1. Can you work out which of the residues in region 223-262 that are of a type in the set (Phe, Trp, Tyr) and not in a loop (DSSP other than H, G, I, E, B) is farthest from the chain's Cα centre (by Cα)?
2. Those residues that are in contact with a His (Cβ under 9 Å, 6 or more places away or on another chain), polar (S, T, N, Q) and surrounded by fewer than 16 Cβ atoms within 10 Å (Cβ to Cβ), I need them from region 325-368; list them, please.
3. If you check LYS93, LYS73, which single one turns out to be under 18 Å from ILE367 (Cα atoms), among the basic types (Lys, Arg) and modelled with pLDDT of 95 or more?
4. Just to be sure, is SER31 of a type in the set (Gly, Ala, Ser), on the phi < 0 side of the Ramachandran plot, surrounded by fewer than 18 Cβ atoms within 10 Å (Cβ to Cβ) and touching a helix residue (DSSP H, G or I) at 6+ places or on another chain (Cβ under 7 Å)?
5. Quick one: how many residues across region 88-125 are in a helix (DSSP H, G or I), of a type in the set (S, T, N, Q) and either without any contact (Cβ under 8 Å) to a residue 24 or more places away in the chain or surrounded by fewer than 22 Cβ atoms within 10 Å (Cβ to Cβ) (or both)?
6. Would you be able to tell me the number of residues in region 66-88 that are touching a Phe, Trp or Tyr at 6+ places or on another chain (Cβ under 9 Å) and of a type in the set (Ser, Thr, Tyr)?
7. Search region 163-180 for residues being farther than 24 Å from ARG204 by Cα and not aliphatic (A, V, I, L, M), and hand back the single one that is surrounded by the fewest Cβ atoms within 10 Å (Cβ to Cβ).
8. Given the condition in contact (Cβ under 8 Å) with a residue 12 or more places away in the chain, in contact with a strand residue (DSSP E or B) (Cβ under 7 Å, 6 or more places away or on another chain) and farther than 25 Å from LYS322 by Cβ, answer yes or no: does some residue in region 222-230 qualify?
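The values are calculated or read from the model by the stated rules, or taken from the named source; none is laboratory data. All of these numbers come straight from a predicted model, not from anything done at the bench. Cβ coordinates were reconstructed from backbone atoms using ideal geometry, including for glycine residues, and neighbour counts include every protein chain displayed.
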Amino acid sequence: MKRLLLLLVIAATQTGFYSSTAHGQSTDLTSAPILEVMHRTAHWQIEHPYSQRSPLDWLDGAFYTGLWALYEKTEEPRYANELLALGQRSHWKLLNDVYHADRLTIAQVFADMYLHYEDPQMLEPLQWVMDMHVDRKSSADVRFEGNPYKLEWWTWCDALYMAPPAFARVYEATGEVKYLDYLDKHWWITSDYLYDSTECLFYRDDRFFDRKTVNGQKVFWSRGNGWVLGGLVRVLEHMPAEYPSRARFEDQFTCMARKVASLQGADGLWRSSLLDAAEYPIGESSGSAFFCYAFAWGINHGLLSAKEYAPVVEKAWRGLVKNVNEEGRLGFVQQVGYSPESIKADDWQVYGTGAFLLAGCEILTMIE
């Protein structure tokens, strides 16, 4: 028996499914250590909220998308209670500038909670906002530079994580296809403008069309493309298989996934400037976590080959866990911004933790 156990440990080590981090914590890809580090990061983040903006804004909203996913995976009451308290304090309403894509991030969470609890008060304020969008007759203007209405349309790639998944969830809640049709139309207006089909990557906004890195490469921001891949996931998981544009969304997802996977660093992480790793050579956590999330989801839903992408997910998760300190803080997260920048070990942000939790939940599904 002792010999058998020794052989199993050796086999696990040789196949790449066990290692430990500099903090002494396991990165074994089994449920217990994954759940342990997720609980630790979630609890740390709850105790260290982002205090400079409303908890209904996009920063906390992105964290709460991950926290709700963790609740659905574990059914630990504390996570649901955190979000129920937020919804009750706000009466399930969004911030006032409802055409701003960032304000719809928390709507994803409230809609998910409605799908779970079936409490109409969770949905009614969201549906009112969505109808305001759908009923607009003016044409979308997705120029960013020099556009006085730039914050009323999806003019920056991050917006594709913030807004479209909310419309997909309200479609799921109501069965009204107009919400899918709206997100479909406006996703491709933005994509046609910001997506570089040669590189299979998104520019953050039109200010970067002609910009180059210090080494002469195109500027594609890691977290910006992480927002998009995460947005694709969160749209596709609520889009029916027979919806006319679904194949187009899947094609963009697989094209981006193939490109992004090819840019992964040896440490499992991606640099904040995707095509120029030398410009900012430290692995960045928030973009990497969104990529890890998207790849694991793609494997789980048959869009990506497990043989090809499971090693990418494994390396990414190991790299991310190494950036979690003993208290549970995920470090090396680029601060609020819109272009590649340098990072430090003690840089954290709530959206980075949210992406980490989303990734962990998908990995749990993958290994289960």
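1. By that ranking, first place goes to PHE249.
2. Correct list: empty.
3. Of the residues listed, the single one that is under 18 Å from ILE367 (Cα atoms), among the basic types (Lys, Arg) and modelled with pLDDT of 95 or more is LYS73.
4. Working: of a type in the set (Gly, Ala, Ser): yes; on the phi < 0 side of the Ramachandran plot: yes; surrounded by fewer than 18 Cβ atoms within 10 Å (Cβ to Cβ): yes; touching a helix residue (DSSP H, G or I) at 6+ places or on another chain (Cβ under 7 Å): yes.
The answer is yes for SER31.
5. Of region 88-125, the ones in a helix (DSSP H, G or I) are 88-90, 101-117, 120-125.
Subset that is of a type in the set (S, T, N, Q): 88, 90, 105, 108, 121.
The next check asks that each one be either without any contact (Cβ under 8 Å) to a residue 24 or more places away in the chain or surrounded by fewer than 22 Cβ atoms within 10 Å (Cβ to Cβ) (or both); those that pass are 88, 90, 121.
Residues that pass the stated criteria total 3.
6. Here the count works out to 2.
7. Among those residues, the one meeting the criterion is GLY175.
8. The answer is yes, given that some residue of region 222-230 is in contact (Cβ under 8 Å) with a residue 12 or more places away in the chain, in contact with a strand residue (DSSP E or B) (Cβ under 7 Å, 6 or more places away or on another chain) and farther than 25 Å from LYS322 by Cβ.
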